[in-house]
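Right, one structure below, let's go through it.
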Amino acid sequence: SLALISFSPTPEEIEITNIAKQIASTIREKAREAEQDPKVLDGIISEVKEIGFLQMEEPERCGGMEMPMLSQVQVYAALAYGDLGAVQSFPGLNDGASLLRVLGDDAKEDFVQSVQQNGTTIAFIDNSAHNHGELKLKKNSNAYTLAGSSNPVRLGNIATHVVVATYSDDEELVLLWANKETNNWNTERGTYYVGLEEAHLARLSFDSQTIANTQVIATGEEAERIVNEANLRIYLLQAAKQLGIMQASVDYATEHTAQRKAFGQVIAQFQGVSFRVSQMVIETNATRNLLLQAASAVDEGSKEAEALTLTAINRAHKGVKFVTDSAVQLLGGHGFVQDYPVEKWMRDAQAQVLLYGKEHRFLLERGEQIISSLKTEVQV
């Protein structure tokens, strides 16, 4: 059974979230322009970095803030209220920070020192779900050889470091890292998705790169544990960003329908419109509640953390598609015009879901957990 929680933000969380909301208003103003040229966000990124928002997930060992997950999801939701694509363009350790957070004091010193360099941006290539793509890892006597291309990855075009979780030719999961100083890779940009244009999406291709043993973070069951625990954190942070753009879509569509008239009356008064708005609100609130519950469970180290996280990201994936698509529909013909932000939010939402795994993936993972649990209970 899933226990309910009573959530009330602390004064510190309220203060830092309000700062994020102020930045979000500036992001909103520049979002459309940033889709064509991400450099217009440089000033905002500098402000976000100075405040410490880029270091929230990083462990203190790496100079980060090591903030609780519950606090982080509130900040990211507030920032993404401005624009999801813009927030996904932020450089830094990003998903790699969650890996470092899980590793803690067990993180290899070479890895820590390398990513602590100024200007580091990590792209995380996660093939742990046997989604190998064209990326091949061959085990040699004292090293590995990495060859082929990855799937499109966020920040791939500006990455100084990559962390890769993939299976070697002997079907053992290997978690490794590489950087531009010791390894070479090519970035292949293209129109992979119609959204998240600012997020520097790119395929990374490796031409038989030698990966030394010192670049291996973990292998086998230990690698699976690390990647699984890190992914729980990554899923929640991504779900928080999706929640932000869901709330933005709800607010924008509600305001629009409350002001615009058709056939002599405000369109919000039409039954079909009010029904759709209600669905959007319900979906957004349900996602928020599941997200906060999962974040609290992760912070507490609860045994329910994984189940709650998979439930939250699944609902966020379904919700962000439904809510942003509904916002476009409620604006009618205006919804597809670039003078209004909802068409961009819809495109970004679709790209976000493709980038981080369609919702059925999380249903499968949760189903496997339930079946495994039932089998264990029967054996007992």
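The H on the amide N of Tyr167, modeled in the peptide plane, is under 5 Å from the matching H of Val174, each at least 5 residues off or on a different chain. Couplings 3J(HN,Hα) of the stretch 279-286, computed from phi: 4, 4, 5, 4, 5, 5, 5, 5 Hz, in residue order, whole Hz [Karplus 6.51 cos²θ - 1.76 cosθ + 1.60, θ = phi - 60°; x for Gly and Pro].
Considering only protein heavy atoms, with the full assembly of protein chains and a 1.4 angstrom probe, order Ser302, Ser205, Ser141 by accessible area, largest first.
Working: Ser302 45, Ser205 15, Ser141 125 Å².
From most exposed to least exposed: Ser141, Ser302, Ser205.
Across the stretch 307-320, rounded Karplus estimates of 3J(HN,Hα) from the backbone phi angles (6.51 cos²θ - 1.76 cosθ + 1.60, θ = phi - 60°) give 4, 5, 5, 4, 5, 5, 5, 4, 5, 5, 5, 5, x, 5 Hz, Gly and Pro being marked x.
The solvent-accessible area of Asp325, taken with every protein chain present and a 1.4 Å probe, is close to 60 Å². Along the Cα-to-C-beta direction of Asp110, a point sits 7 Å from the Cα; which residues of the stretch 211-232 have their amide N less than 13 Å from that point? From the stretch 211-232, the list is 211-218. Size descriptors for the chain (Cα atoms only): Rg and Dmax, in that order, 21.2, 78 Å.
Accessible surface comparison of Asp105, Asp170, probe 1.4 Å, protein chains only, largest first: the order is Asp105, Asp170. For the chain, with a Gaussian network of springs between Cα atoms less than 10 Å apart, report the residue from Ala286, Ala316, Ala86 with the top mean-square fluctuation. In this elastic network of the chain, the residue with the biggest mean-square fluctuation among Ala286, Ala316, Ala86 is Ala286. Computed with a 1.4 Å probe on the full set of protein chains, the accessible area for Val277 sits at about 30 Å². Per residue, the solvent-accessible area of the chain (1.4 Å probe, heavy atoms of protein chains only, all protein chains present) comes to 46 Å².
Please arrange Asp37, Asp106, Asp83 by accessible surface area, largest first, computed with a 1.4 Å probe and ligands excluded. Walk me through the numbers on the way to the answer.
Values: Asp37 65, Asp106 120, Asp83 0 Å².
Listed by decreasing accessible area, they come as Asp106, Asp37, Asp83.
Largest GNM mean-square fluctuation among Gln55, Gln117, Gln88, using the chain with Cα springs under 10 Å: Gln117. Counting heavy atoms of the protein chains alone, Lys138 has an accessible area of about 120 Å² for a 1.4 Å probe.
The values are calculated or read from the model by the stated rules, or taken from the named source; none is laboratory data. Small disclaimer: the values here were computed from a predicted structure and weren't measured. All Cβ positions, glycine included, derive from the backbone under ideal geometry; neighbour counts span all protein chains shown. Note: areas computed on protein heavy atoms with side chains; ligands, DNA, RNA excluded. Shrake-Rupley method; radii C 1.70, N 1.55, O 1.52, S 1.80 Å.
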